[in-house]
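Trainee: My questions all concern the structure below.
Where a number appears in this text, it was derived from the coordinates with a stated rule and is not lab data. The structure displayed is predicted, hence computed values, not measured ones. Heads up, the Cβs are rebuilt from the backbone with ideal geometry, glycines too, and the neighbour counts pull from every protein chain shown.
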Amino acid sequence: MKHLIDPTDLSLKEIDEILSLAEDIIQNRKKYSEVCKGKKLATLFYEPSTRTRLSFEAAMLELGGSVLGFSSADASSAAKGESVADTARTVSKYADIIAMRHPKEGAPLVASMYVDIPVINAGDGGHNHPTQTLTDLLTIKETKKRLDNLTVGFCGDLKFGRTVHSLIKQLSCYENMKFILISPPELQIPDYIKEETLLKKNIPFQEVCEMDTVINDLDILYMTRVQRERFFNEADYIRLKDTYILTLEKLENAKPDLKILHPLPRVNEIATEVDNDPRAVYFDQVEYGKFVRMALMLKLLGLDQTVE
């Protein structure tokens, strides 16, 4: 049985297959509209989510399946003290596949150890968010037409940003990549990402505090919000939350074919004036997320070869 808990659970070949399948779904949506008829997705979301939860639900519905689950821990037996393992065991009797988001790192992994249906990690604390990584990869592939030979800038909260951690891990598998890490010292990328991924693979990277000095070098700019929910100290959050705000003025020196991504939700780190710039693809990114989750579920359910 195959689960998706960590981005590294998928080989490059499997990722390429998922991205290719997602591209085929985009081109032939009607062909896939009944593939999951009779299948049920359980969305077990222990913390708030808009895009990820609705994206999973929309993906299964577009495949002809159905959805059950809960959107917060308060709406489940977790409020009574039930363990993740017991919840997963119970739900596995009702559903064919599980998507789980949890504030504690490792919770989806625990769930996967107690069930005999696929479990997808939809975000666990500040650790991993592999389906967002697939979303990001599809967005880059569709808008830049390649996944190699890119200079990628990550800006904002690189310490707690699980989407950043996952994407760096995955992009590091492609050739001729360079990363520019833009953050205040307090929110720099964790040492384990630098040591286990960047340094270990001899991937060129630099850490800077100012966006203006490097924006003209970037092929991709991946913006993130400073996440209030990951801070223990409100004063630190208030001090750092407005460190980076992307405006049209700051984009004046950027490449014409730069692509701006953001996992959303946005607070104020990208000015709304940027939304209509052709380089802004973060709302397209939302739709790509639905298509890539459709492809992933078909793969994990073993239904990807059933479509003619």
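Trainee: Listed highest first by mean packing, meaning other Cβ atoms within 10 Å per residue, what order do 253-261, 286-294 come in? Don't skip to the answer; put the middle values down first.
Mentor: Working: 253-261: 17.4, 286-294: 24.1.
Averaged packing, sorted descending, gives the order 286-294, 253-261.
Trainee: Something else now. Which whole number in µm²/s is D for the stretch 239-308 by Stokes-Einstein, with the Kirkwood Rh taken over Cα pairs at 25 °C and 0.890 mPa s? Intermediate values should be presented prior to the final figure.
Mentor: Numbers: Rh = 14.6 Å.
It comes out at roughly 168 µm²/s.
Trainee: Report ³J(HN,Hα) in whole Hz for each residue of the stretch 184-198, in order, from the Karplus equation J = 6.51 cos²θ - 1.76 cosθ + 1.60 where θ = phi - 60°; Gly and Pro get x.
Mentor: x, x, 5, 10, 5, 4, x, 4, 5, 5, 5, 6, 7, 10, 6
Trainee: Return an integer: the convex hull volume of the alpha-carbon atoms of the stretch 130-286, in Å³ per residue.
Mentor: Taking only Cα atoms, the stretch 130-286 has a hull volume of 105 Å³ per residue.
Trainee: On to the next question. About the Cα centre of the stretch 130-286, how large is the charge dipole given +1 on each Lys and Arg Cβ and -1 on each Asp and Glu Cβ? Please answer in debye to the nearest 20. Walk me through the numbers before you get to the answer.
Mentor: On the way: 21 positive and 26 negative charges, 104 e Å.
With only Lys, Arg, Asp and Glu charged at Cβ, the dipole is about 500 debye.
Trainee: Still on this structure, I have one more. Under the classification rounded if a/c is under 1.5, otherwise prolate if a/b is larger than b/c and oblate if not, where does the stretch 36-152 fall, given a ≥ b ≥ c as square roots of the Cα gyration tensor eigenvalues?
Mentor: On the way: a/c = 2.18, a/b = 1.55, b/c = 1.41.
Judged from the Cα gyration tensor, the stretch 36-152 comes out prolate (a/c at least 1.5, a/b above b/c).
Trainee: Rank the residues Asp124, Asp96 as a footprinting-exposure proxy: fewest other Cβ atoms within 10 Å of their Cβ go first. Don't skip to the end; give the middle numbers.
Mentor: Details: Asp124 26, Asp96 19.
The most exposed by this proxy come first: Asp96, Asp124.
Trainee: Oh, and also: Which whole-Hz ³J(HN,Hα) couplings does the stretch 47-57 yield from phi under the Karplus relation 6.51 cos²θ - 1.76 cosθ + 1.60, θ = phi - 60°, glycine and proline marked x?
Mentor: 9, x, 7, 10, 4, 5, 5, 5, 5, 4, 5
Trainee: Same structure again: Give me Glu308, Glu249 sorted ascending by neighbouring Cβ count inside 10 Å, so fewest comes first.
Mentor: Exposure proxy ranking, most exposed first: Glu308, Glu249.
Trainee: Determine how many Å³ per residue the convex hull of the Cα atoms of the chain encloses.
Mentor: Values: hull volume 40.0 nm³, N = 308.
Output value, Cα hull per residue: 130 Å³.
Trainee: Something else now. Put +1 on the Cβ of every Lys and Arg and -1 on every Asp and Glu Cβ in the chain; which of Thr50, Tyr222, Asn149 then has its Cα farthest towards the positive end of the dipole?
Mentor: Thr50
Trainee: Shifting gears a bit: Normalised by the number of residues in the chain, what is the relative contact order in percent for Cα pairs under 8 Å and 6+ residues apart?
Mentor: Details: 579 pairs, mean separation 61.1, N = 308.
Relative contact order here is 20 percent.
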